[in-house]
Amino acid sequence: MTRLTWRTAGESHGKTLIGVVEGVPAGLALDIDRIDAELVRRQGGYGRGGRMKIERDHVEILSGLKGGVTLGSPIAFEVPNRDQTIEELPTPKSPRPGHADLAGCQKYGHRDARAILERASARETAARVAAAGIARQVIEAFGVEVFAHLVELGGVAARADAWDAAGDGRVARRSESDLCCLDAEVESGMRDAVDAAKEDGDTLGGVFEVRAMGLPPGLGEYSDPNERLTARLGGALLSIPAIKGVEIGLGFEVARRRGSEAHDAILPASGGPWGGFSRETNRAGGLEGGMTTGEELVLRAAMKPIPTLRKSLPSVDFETREASLATYQRSDVTSVPAASVVGEAVVALELSRAFLAKFGGDSMGAVETSFEAYRASVAEV
């Protein structure tokens, strides 16, 4: 089994972000511009703050390539920071509610919250977006597409059928939107909500959706709870800072329905890509028993409002232990559109991991051989 792994290092205002991706097969012509494009997408979105005007993220591959083609060895990379001010920034006097500041200081015995917030910062997600930009090119070579879009911001929701209405034009529609939203008619309301929150010194949360198309059935595992793809994908999305809830398919709505209205009937099919079965609906969101069903994967994640407020919440001074206001750090009004890009990335990482666990080999040719053999075997079931 090929095991795809990744790891990141680096601080928000340190010299650079570092990542290592292992398990990418040899023989993949890696598109560096594609990785940079994902990093640019992560920096966009209406409601972002001043940091995004400073950074111009790009990836530098340090190992694992020759002539732009993967060698099968670990791929090391960096995303340099322009704002390398970690040694110059002041020590926060009081922890910020909603951040890792207080619990982190208590855990490690610090009174300098910067020792915590520099790594707890969402800046780390740039490295994961870069890692996904590498790994996802494997599954894309086999026709898998992972796509995220904003469905709600500050209580303003996109129409329920926005995905279907966008159709094959979803990529173009999203690229035209500074909110990563497929419903152009609600964007003005979303921007108004952001502007109002900014005027009030406040912040906004929202919901984004991640979909994956072209997945084969059987990725993931039912026998090992740790390898259930349901758990892996949920954990990946919840690992993004400020994500407080994840839904799959119908999500919480399924708990309000009877079983006859909750599950997906199995029907006979002819000429399908994965044998003689089809689904009448996709209420499960493409996952059953911890495995992909071959239907479209549908996930949603809820992001809380950013807890760094210009009108600070009550806190306590680290030194005097007296009541104070939380330290204000430069912040976005909202970063839900950017979080959708990160959500797409972490889902792509987990799907790439599951794909290579199933079809892995030392080279892309070996992966293709395994994939085609599986396609043939599924047709016989």
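The values are calculated or read from the model by the stated rules, or taken from the named source; none is laboratory data. Predicted model, so just to flag it, every value in this text is computed and none were measured. Here the Cβ is made from the backbone with ideal geometry for all residues, glycine too, and neighbour counts use every protein chain on show. Heavy atoms of the whole protein, side chains included, go into the accessibility calculation; ligands, DNA and RNA do not. Shrake-Rupley method; radii C 1.70, N 1.55, O 1.52, S 1.80 Å.
For residue 99, indicate whether it is of a type outside the set (D, E, K, R), without any contact (Cβ under 8 Å) to a residue 24 or more places away in the chain and either on the phi < 0 side of the Ramachandran plot or assigned to a loop (DSSP other than H, G, I, E, B) (or both).
no
Quick check: anything in the stretch 185-199 open to solvent by 10 Å² or more (accessible area, probe 1.4 Å) and assigned to a loop (DSSP other than H, G, I, E, B)?
The answer is no; no qualifying residue exists.
Working only within the stretch 285-329, note down all residues that are farther than 30 Å from residue 117 by Cβ, buried (at least 18 other Cβ atoms within 10 Å of the Cβ) and of a type outside the set (D, E, K, R).
Residues satisfying the conditions are 285, 286, 287, 290, 291, 292, 293, 294, 297, 298.
Scan the stretch 195-208 and tell me whether some residue there is at pLDDT 95 or above, of a type outside the set (A, V, I, L, M, F, W, C) and either closer than 29 Å to residue 282 by Cα or within 19 Å of the chain's Cα centre (by Cα) (or both).
Yes, because at least one residue in the stretch 195-208 is at pLDDT 95 or above, of a type outside the set (A, V, I, L, M, F, W, C) and either closer than 29 Å to residue 282 by Cα or within 19 Å of the chain's Cα centre (by Cα) (or both).
Among residues belonging to the stretch 7-36 that are in a helix (DSSP H, G or I) and hydrophobic (A, V, I, L, M, F, W, C), point out the one that is most open to solvent (accessible area, probe 1.4 Å).
32
So which residues in the stretch 152-173 are closer than 14 Å to residue 336 by Cβ and either assigned to a loop (DSSP other than H, G, I, E, B) or open to solvent by 30 Å² or more (accessible area, probe 1.4 Å) (or both)?
Within the stretch 152-173, 152, 154, 155, 156, 157, 158 meet the criteria.
With of a type in the set (Gly, Ala, Ser) and under 11 Å from the mean Cα position of the chain (by Cα) as the only criterion, which of 366, 348, 357 stands out?
Every option except 348 fails the conditions.
Regarding residue 67, is this residue small (Gly, Ala, Ser), under 28 Å from residue 21 (Cβ atoms) and in contact with a Pro (Cβ under 8 Å, 6 or more places away or on another chain)?
So residue 67 does not fit the description; no.
Is it the case that residue 4 is open to solvent by 30 Å² or more (accessible area, probe 1.4 Å) and over 24 Å from residue 198 (Cβ atoms)?
no
Which numbered condition in (1) buried (at least 18 other Cβ atoms within 10 Å of the Cβ); (2) in contact with a Gly (Cβ under 9 Å, 6 or more places away or on another chain) is the only one that residue 86 fails?
With (1) buried (at least 18 other Cβ atoms within 10 Å of the Cβ); (2) in contact with a Gly (Cβ under 9 Å, 6 or more places away or on another chain) applied to residue 86, the lone miss is (1).
May I ask you to say which residue of 71, 39 is under 19 Å from residue 345 (Cβ atoms), surrounded by 15 or more Cβ atoms within 10 Å (Cβ to Cβ) and hydrophobic (A, V, I, L, M, F, W, C)?
From the options 71, 39, the qualifying one is 39.
Are any residues in the stretch 333-373 of a type in the set (Gly, Ala, Ser) and open to solvent by 20 Å² or more (accessible area, probe 1.4 Å), and if so, which ones?
Matches in the stretch 333-373: 357, 360, 363, 365, 366, 370, 373.
Restricting to the stretch 102-141, give me the number of residues that are outside any helix (DSSP H, G or I) and either open to solvent by 40 Å² or more (accessible area, probe 1.4 Å) or acidic (Asp, Glu) (or both).
Result for the stretch 102-141: 5.
For the stretch 219-277, name all the residues that are surrounded by 13 or more Cβ atoms within 10 Å (Cβ to Cβ) and among the charged types (D, E, K, R).
Those that are surrounded by 13 or more Cβ atoms within 10 Å (Cβ to Cβ) and among the charged types (D, E, K, R): 221, 227, 228, 232, 247, 264.
How many of the residues in the stretch 232-284 are over 23 Å from residue 119 (Cα atoms) and either over 24 Å from the mean Cα position of the chain (by Cα) or of a type in the set (Val, Ile, Thr) (or both)?
Of the residues in that region, 30 qualify.
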